[in-house]
1. How many of the residues in the stretch 1-37 are exposed (fewer than 10 other Cβ atoms within 10 Å of the Cβ) and hydroxyl-bearing (Ser, Thr, Tyr)?
2. Would you confirm, using the coordinates I've provided, whether Leu86 is at pLDDT 75 or above and either at negative phi or in the same structural domain as Gly145 (by TED's automatic domain parsing) (or both)?
Amino acid sequence: LRLTRADLGPPFDEPPAGPLWDFVCETNASTQSSKGIVVNSFVELEPLCVAAWSRLSSIKLWPVGPLCLASATARVDVPGCFDSRLAMDRPVLYVAFGSQAELSRIQLEEIAVGLDRSGLDFLWVVRSKWFNGEDRFDDRFGEKGKVVQGFIDQVGVLSHKSI
């Protein structure tokens, strides 16, 4: 597949400009003149990416993560329903898109429909401007799904045997 600027619509068919482009250029210049990049990851998690970076880039990469484990984190009380699911040998699906993803209202609805139709037990962590206190999905899923708004101790959740 070969693409040219003419194949793309705005803003890709115009030369880059503006404050965001200036920031990208400054960041690139700083990266090129630095001694390397520190990343919140580790070789065992992303061996192919680290190997490709080392092979293709002259810039040193230092994977020092996971940084979230650099200090003790509070363990979350995983809801008792997870213990009951574990006793029934029913795994719980953990659904979270992280703090960087901003889902649209339509995407939230599609995920809700998919989870509802899946028949699986799940924990869904939602951070979205479309999700507010009066528009919760909790009642929609009954016993099958737990919806949590905001942040959750991911390490605590993922360490539970039912997840």
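The values are calculated or read from the model by the stated rules, or taken from the named source; none is laboratory data. All values reported here derive from a predicted model rather than from experimental measurement. Every residue, glycine as well, gets a Cβ built from its backbone with ideal geometry; the counts of neighbours run over all protein chains shown.
1. Number of matching residues: 3.
2. No.
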